[in-house]
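**Q** Pasting a structure here, questions to come.
The values are calculated or read from the model by the stated rules, or taken from the named source; none is laboratory data. Everything quoted here is computed from the prediction, not taken from an experiment. Glycine also receives a Cβ, built like all others from the backbone with ideal geometry; neighbour counts cover every protein chain displayed.
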Amino acid sequence: MSKAPKPRVKAPKSASKGDVVTIKTTISHRMESGMRKGKDGKLIPRQIINKFEALFNGKQIMSANMFPSISANPYLDFDMLVEEAGEFEFKWYDDNGEVYSKKAKMKLKG
């Protein structure tokens, strides 16, 4: 890949206890399936993000396994019930063993 994958996250900076908030995530990644041929006629090796994990205060709140049929720049969103302030950590794992991560903090209102 020419550029390192770039994770992006949209999470609220604050919310009230009991709120349900939507978290949006994406990562710039080609998601090469391993089934496509290059200009030389040879198969381009598989190179995908194969797992996503979201943690809040160190506890897993969402995970997803990904497969070659996922499009480039995979986007995921999910909802979470707010019970406390804390820190999100988002992790994307690729076939080469690389882990890309992004963190975001959320405060409680009031």
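**Q** Just to verify a result, which residue in the range 1-13, among those that are at pLDDT 95 or above and in contact with a Lys or Arg (Cβ under 8 Å, 6 or more places away or on another chain), is surrounded by the most Cβ atoms within 10 Å (Cβ to Cβ)?
**A** Ala11
**Q** Can you work out which of the residues in the range 56-73 that are among the hydroxyl-bearing types (Ser, Thr, Tyr) and out of contact with any strand residue (DSSP E or B) (no Cβ under 7 Å at 6 or more places or on another chain) is nearest to Ala104 (Cα to Cα)?
**A** Ser71
**Q** Something else about it: For Phe88, state whether it is assigned to a strand (DSSP E or B) and within 20 Å of Pro7 (Cβ to Cβ).
**A** Against the criterion (assigned to a strand (DSSP E or B) and within 20 Å of Pro7 (Cβ to Cβ)), Phe88 qualifies.
**Q** Also, quick follow-up: Out of everything in the range 15-38 that is part of a strand (DSSP E or B) and of a type outside the set (D, E, K, R), what residue ends up being surrounded by the fewest Cβ atoms within 10 Å (Cβ to Cβ)?
**A** Val20
**Q** Checking the condition of a type in the set (S, T, N, Q) and either at pLDDT below 95 or touching a helix residue (DSSP H, G or I) at 6+ places or on another chain (Cβ under 7 Å) (or both), which residue from Ser33, Ser28, Ser16 passes?
**A** Every option except Ser33 fails the conditions.
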